[in-house]
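Structure record follows, encoded as structure tokens.
Computed from the coordinates by the stated procedures, all read-outs in this text should not be read as laboratory data. The model shown is predicted, which means the values in this text are computed figures rather than measured ones. Virtual Cβ from ideal backbone geometry, glycine too; neighbours counted across all protein chains shown.
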Amino acid sequence: MTPSCVAKKYLELFRDDPDFKVKVLKAMITSDLSVSVKNMTRYRVKNIALDEIDGNHMEQFVKIRNYANQVLTTNPESLAIVAVDPVPGNESVVTHKSIFIIFSSR
């Protein structure tokens, strides 16, 4: 059974409690599926489930930029700034630093 399949089975569990402990997950997987999984696999299951619920960081970053662009499109006199930091060693990749928005009152 792949980590993706296990993550789908326990998706609602992580949706209800994103901080659910992987030690408890071990007992649940062993009981429900009658298989033993390694620590790294349990962490992978949790990460896959949380990415499915929240989306990964790159998807979230794109949403922030899209939101800022939408603010400027719908309200041209507003100000929207998305600040980023380049990742050291890989200048083509950036991390989100902050977002600053001022809505126009007109």
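Based on what the data block shows, is Val84 of a type in the set (A, V, I, L, M), under 18 Å from the mean Cα position of the chain (by Cα), loosely packed, with under 14 Cβ neighbours inside 10 Å and assigned to a strand (DSSP E or B)? Talk me through it step by step, then tell me what you get.
On the way: of a type in the set (A, V, I, L, M): yes; under 18 Å from the mean Cα position of the chain (by Cα): yes; loosely packed, with under 14 Cβ neighbours inside 10 Å: no; assigned to a strand (DSSP E or B): yes.
Here the answer is no, as Val84 does not meet what is asked.
When you look at Ile53, is it more than 15 Å from Pro3 (Cα to Cα) and in contact (Cβ under 8 Å) with a residue 40 or more places away in the chain, yes or no?
Answer is yes for this residue.
Filter region 22-46 down to the residues that are surrounded by 11 or more Cβ atoms within 10 Å (Cβ to Cβ), charged (D, E, K, R) and farther than 27 Å from Val93 by Cβ and list them by number. Don't jump to the end; show me each part of the working.
Kept after step one, since they are surrounded by 11 or more Cβ atoms within 10 Å (Cβ to Cβ), are these residues of region 22-46: 22, 24-26, 28-30, 32-33, 37, 41-46.
Subsequent filtering for residues that are charged (D, E, K, R) retains 26, 32, 42, 44, 46.
Those that are surrounded by 11 or more Cβ atoms within 10 Å (Cβ to Cβ), charged (D, E, K, R) and farther than 27 Å from Val93 by Cβ: Lys26, Asp32, Arg42.
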For His96: the one exception among (1) within 16 Å of the chain's Cα centre (by Cα); (2) in contact (Cβ under 8 Å) with a residue 24 or more places away in the chain; (3) over 30 Å from Glu12 (Cβ atoms): (3)
Residue under evaluation Ala49, criteria (1) in contact with a strand residue (DSSP E or B) (Cβ under 7 Å, 6 or more places away or on another chain); (2) surrounded by 15 or more Cβ atoms within 10 Å (Cβ to Cβ), criterion not met: (1)
